[in-house]
Amino acid sequence: MHVLGIDFGTSNTVAVLRSADGRVRPLLFDGAPILPSSVYYNSDGRMLVGRDAERNARMDPARFEPNPKRRIDDGSLFLGTSEIPVPQVFAYVLQQVALEAQRQAGQMPGQVRLTHPARWGERRRSILVDSARLAGLPAPQLIPEPVAAASYFTSVLGTAVPPGRSLAIYDLGGGTFDATVVRRTQTGFEVLAEEGIGDIGGLDFDHGIVEHLGKTYGASHQSDWQRLLSPADDRDRRYRRMLYEDVRGAKETLSRTASADIHLPALEVDAHLTRAEFEDIARPPLERTVDCLQRAISSARMNPADLVGIFLVGGSSRIPMISQLIHSKLGVPPQTFEQPETVVVEGAVRAASGPAPTDQQSMARPTSGGPVSPAGHMSAPRPPVQAPHQPPVQAPQMLPPQTNYQPAPQAQPSYQQQAAKRPLSQEPAVLVTGAAVIILLVVFFVLLSVIL
């Protein structure tokens with residue numbers, strides 16, 4: 001039986017397959033192990049995902065959402081003129097993963113493990129479960145990201161973590177930052193402390209670079225720069241999209257080189273950005289993340305030297321300054337990885353397998369803490385999460401999402417309750433009946449007056 005692991009991220013989604021013999025291989029999307037999490041709702045009713053979405057974004061930016069995970073609390077997204085429920089949007093990204101997994105494995109994997117931030121509560125986890133099932137995936141096991149990462153360190157790296165010893169995980173992704181301390185138990189891991197910052201991630205560094213460019217070039221190109229900041233039409237929105245694509249590429253380049261160039265489309269200017277300038281931009285928020293990590297370690301009643309190690313995961317953890325700040329502040333050099341994006345998802349499929357989830361159960365660990373096995377299970381099950389009763393989204397020709405999605409079953413108000421909330425203008429049957437009665441009365445009195 002194949003096990004599919006999925007790490008649905010703010011900017012990118014990564015997935016791996018573990019075969020019955022234990023081999024783990026990444027899923028490739030357009031030849032790359034990373035699938036952009038972006039979506040684009042086409043005018044013909046199709047939802048495009050990943051690089052297809054990014055390619056079409058310049059045609060009509062209003063139909064594009066680059067970071068749907070950041071919108072998890074919004075309820076629905078407006079793409080073009082269509083309002084689409086968030087679980088349905090997530091489902092299209094997960095379905096892309098499901099289709100590729102089925103293609104590579106020859107069948108739908110028998111087990112799915114979905115990772116999530118440790119601080120996510122019941123409602124957010126329920127949205128993730130609904131999205132997976134809308135995508136046609138088997139009922140997923142939800143695994144907290146730090147638990148999955150800890151499993152990677154022990155099973156892949158062979159890091160010795162005896163029972164009672166702890167490690168810290170610094171997770172900087174595209175949209176958020178999380179710091180977690182986990183302790184090895186006889187049966188798995190338990191989360192001792194977790195801290196996080198919801199407004200620091202790779203996207204925020206992108207905004208910082210744009211702000212820096214505005215200070216440098218905006219004064220001499222005020223009207224053109226304002227078009228980038230507040231686009232008034234599709235052309236300006238395309239320019240803004242092009243700017244942020246170039247900024248993101250330059251940021252990633254600066255992790256490897258000393259400088260990078262950025263094209264400012266509306267200004268027709270090529271800006272030069274050095275690593276030193278970027279570090280000046282990134283230093284204040286990065287110092288906040290290190291302070292957050294220190295708080296998590298202190299909350300666990302530990303010192304940095306007591307830890308087996310501090311491990312950096314998440315795509316944005318590649319920034320060289322992070323290791324320097326942690327070493328300087330905590331006195332412990334952190335461990336980095338060549339592919340920090342895949343640590344969590346590979347750890348998820350290598351974690352010890354627990355019982356298969358039923359259609360009414362999700363295996364996520366509540367955020368209140370407690371012993372957690374490598375698969376992210378607690379000894380006592382949490383309340384069941386109900387999945388929506390509807391067939392999976394069909395591919396490749398998908399129906400308009402807003403006509404497909406049905407939320408998880410809830411107690412429905414009675415007709416009387418619904419009618420009480422509706423204005424009379426929304427009751428056509430009442431209006432028609434009333435009008436008919438009035439007309440009959442008028443006719444009756446006219447006839448009566450003629451007869452008399």
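Bear in mind these aren't lab numbers, they're just calculated from the coordinates by the rules spelled out. It should be emphasised that the depicted structure is a prediction, and the values quoted were computed from it without experimental measurement. Don't worry about glycine lacking a Cβ; one is built from the backbone with ideal geometry, like all the others, and counts go over all protein chains shown.
Full extension from Glu268 to Arg165: what is 0.36 nm times the residue separation minus their Cα-Cα distance, to one decimal in nm?
Details: separation 103, 0.36 × 103 = 37.08 nm, distance 5.58 nm.
Full-extension gain reported as 31.5 nm.
Compare the peptides 317-327, 210-220 by average per-residue count of other Cβ atoms within 10 angstrom and give them in order, highest first. Mind showing how you got there, number by number?
Working: 317-327: 18.9, 210-220: 14.7.
In descending order of packing, they fall as 317-327, 210-220.
Label point 7 Å out from Asp74 along Cα-to-Cβ: which residues of segment 117-132 have amide N under 15 Å?
none
Taking R0 as 45 Å, what FRET efficiency do you get between Arg124 and Lys215 from their Cβ-Cβ distance, rounded to the nearest 0.05? Mind showing how you got there, number by number?
On the way: r = 36 Å, r/R0 = 0.81.
Once rounded, the FRET efficiency stands at 0.80.
Taking the Cα centroid of segment 264-321 and of segment 29-102, what is the distance between the two, rounded to the nearest whole Å?
Segment 264-321 and segment 29-102 have Cα centres spaced 28 Å from each other.
Please identify which residues in segment 111-131 have an amide N closer than 16 Å to a label point set 7 Å out from the Cα of Met1, following the Cα→Cβ vector.
In segment 111-131, the label zone of Met1 (backbone N under 16 Å from the point 7 Å along Cα→Cβ) covers 111-114.
What whole-number distance in Å separates the alpha-carbon centres of segment 142-174 and segment 201-260?
Distance between centres, Cα-based: 35 Å.
So for segment 1-135, Kirkwood radius off the Cα pairs, Stokes-Einstein at 25 °C and 0.890 mPa s: how many µm² s⁻¹? Let's see the in-between values first.
On the way: Rh = 15.2 Å.
Approximately 161 µm²/s, per Stokes-Einstein.
Apply the Karplus parameterisation 6.51 cos²θ - 1.76 cosθ + 1.60, with θ equal to phi minus 60°, to every residue of segment 288-294 and state each ³J(HN,Hα) to the nearest whole Hz, in sequence, with x for glycine and proline.
Result, ordered by residue: 5, 5, 5, 4, 5, 4, 4 Hz.
Using the Karplus equation 6.51 cos²θ - 1.76 cosθ + 1.60 (θ = phi - 60°), what ³J(HN,Hα) coupling, rounded to whole Hz, does each residue of segment 107-124 give in order, writing x for Gly and Pro?
Here the 3J(HN,Hα) series is 6, 5, x, x, 9, 10, 10, 10, 8, 8, x, 4, 8, 5, x, 4, 5, 5 Hz.
Order the peptides 197-204, 7-14 from the highest to the lowest mean number of other Cβ atoms within 10 Å of their residues.
Numbers: 197-204: 18.8, 7-14: 24.9.
Result, highest mean Cβ count within 10 Å first: 7-14, 197-204.
Once phi is turned into ³J(HN,Hα) by the Karplus curve 6.51 cos²θ - 1.76 cosθ + 1.60 with θ = phi - 60°, what whole-Hz value does each residue of segment 222-232 show in order, with x for glycine and proline?
Values, residue by residue: 4, 5, 5, 5, 5, 5, 6, 6, 10, x, 9 Hz.
Note the full-extension length gain between Asp233 and Ala62 as 0.36 nm times their separation in residues minus their Cα-Cα distance, in nm to one decimal. Mind showing how you got there, number by number?
Details: separation 171, 0.36 × 171 = 61.56 nm, distance 0.97 nm.
Working it through step by step, the gained length comes to 60.6 nm.
Pop a pseudo-label 7 angstrom from the Cα along the beta-carbon direction at both His207 and Asp291 and give the gap in nm to one decimal.
Going by the 7 Å Cα→Cβ label model, 1.8 nm.
For a Förster distance of 35 Å, can you work out the FRET efficiency between the beta-carbons of Gln222 and Ala32, rounded to the nearest 0.05?
Numbers: r = 39 Å, r/R0 = 1.11.
Efficiency, from the Cβ-Cβ distance: 0.35.
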